[in-house]
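Structure first, then comments.
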Amino acid sequence: MDYVERIVGDIEPVSPVKWKRFLLAKYIDPATGDEVIASHPDCPKEGSFGPHLRSLIAILREKARLSEGQTLDFLSSLYQIDPAPATMEAELKRIADILKPQYDCLGRVINDAKVKHSDETGQSVNGENWCLYCFSTKKHAFFFAEQKKRAEHIKKRLDGDWIKVLTCDGHSIYSWYYLKQRCWSHGTRKDGWL
């Protein structure tokens, strides 16, 4: 007798959201009126969603690119919860705030790279035209948006020292950076200098 090996993947069945009630002790200092509330590792400081539900919302909105309405429909049909659109946006902001220190660290890694690339383009933010910036290396990319295209936004995030090379287009916002390499793609497509 012999065996045939088969490996089968599966997921846990969808289960309803488990709501936990936390009773957190509260103390009001009689002298100052300051309020101190106890904490619990499973209870988020803000909001009413735990880390798994927050992660699912982020994946649906940002990775799967579902609209707000599609995400609400998904949560309603699979988990029987109907969060308000404002609640979902608040949870996405909380996730962004949690991840911001790690994302800023990525920006510093790119800043420290010996060679990095930079580009910028227009981006609509709440109906207004903003500037979307991108710094990148072979391994990493860092994006941020500002209301205007200005050198000061780049200077806040990149050091223009004597040994780091910045590959960029010929825009004046990069004139302060000491060691530049003109971007060949911009040169052939836009500037026609090749």
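Every number in this text was worked out from the coordinates using simple rules, so none of it is lab data. All of these numbers come straight from a predicted model, not from anything done at the bench. Please note: Cβ atoms are built from the backbone with ideal geometry, for glycine as well, and neighbour counts cover all protein chains shown.
Is there a quick way to get the dipole size of the chain? I mean about its Cα centre, with the Cβ of Lys and Arg at +1 and of Asp and Glu at -1; what is the value in debye to the nearest 20?
It comes to approximately 840 debye.
Straight-line reach from K26: which lysines have a Cα under 21 Å away, not including same-chain ones fewer than 8 places off?
K45
Which one of K93, K155, K26 has the biggest mean-square fluctuation once the chain is modelled by GNM with Cα springs under 10 Å?
Answer for the Gaussian network model of the chain: K26.
Can you work out ³J(HN,Hα) from phi for every residue in region 44-56, in order, using Karplus 6.51 cos²θ - 1.76 cosθ + 1.60 and θ = phi - 60°, giving whole Hz and x for Gly and Pro?
Couplings: x, 5, 9, x, 10, 10, x, x, 5, 5, 4, 4, 4 Hz.
Tell me which residues come under 5 Å, amide H to amide H, from L179 once H is placed; ignore anything under 5 positions away on its chain.
It is L166, by chain and number.
Give a residue-ordered list of calculated ³J(HN,Hα) values for region 25-30 (Karplus: 6.51 cos²θ - 1.76 cosθ + 1.60, θ = phi - 60°; whole Hz; x for Gly, Pro).
Karplus-based 3J(HN,Hα) across region 25-30 equals 4, 10, 10, 10, 5, x Hz.
I need the shape label for region 35-90. Rule: rounded when a/c is under 1.5, else prolate if a/b > b/c, else oblate, with a, b, c from the alpha carbon gyration tensor.
Taking the square roots of the gyration eigenvalues as a ≥ b ≥ c, region 35-90 is prolate.
Between A84, A58, A38, where does the largest GNM mean-square fluctuation fall for the chain, given springs only between Cα atoms within less than 10 Å?
The residue with the greatest mean-square fluctuation here is A38.
For region 171-181, in order, what is each residue's ³J(HN,Hα) by Karplus, 6.51 cos²θ - 1.76 cosθ + 1.60 with θ = phi - 60°, in whole Hz (x at glycine and Pro)?
5, 5, 5, 9, 4, 6, 6, 5, 9, 10, 10
So what's the projected area for the chain, the Cα convex hull averaged over all directions, in nm²?
Projected over every direction and averaged, the Cα hull of the chain covers 22.3 nm².
Based on alpha-carbon positions alone, could you give the equivalent ellipsoid semi-axes of region 114-188 from the gyration tensor, as √(5λ), descending, whole Å?
21, 13, 12
Projecting each Cα onto the charge dipole of region 1-59 (Lys/Arg +1, Asp/Glu -1 at the beta carbon, about the Cα centre), which of P30, G47, V17 comes out farthest on the positive side?
Comparing the listed Cα positions along the dipole, P30 ranks first.
Extension gain E89-H52, at 0.36 nm per residue separation less the Cα-Cα distance, in nm?
11.7 nm
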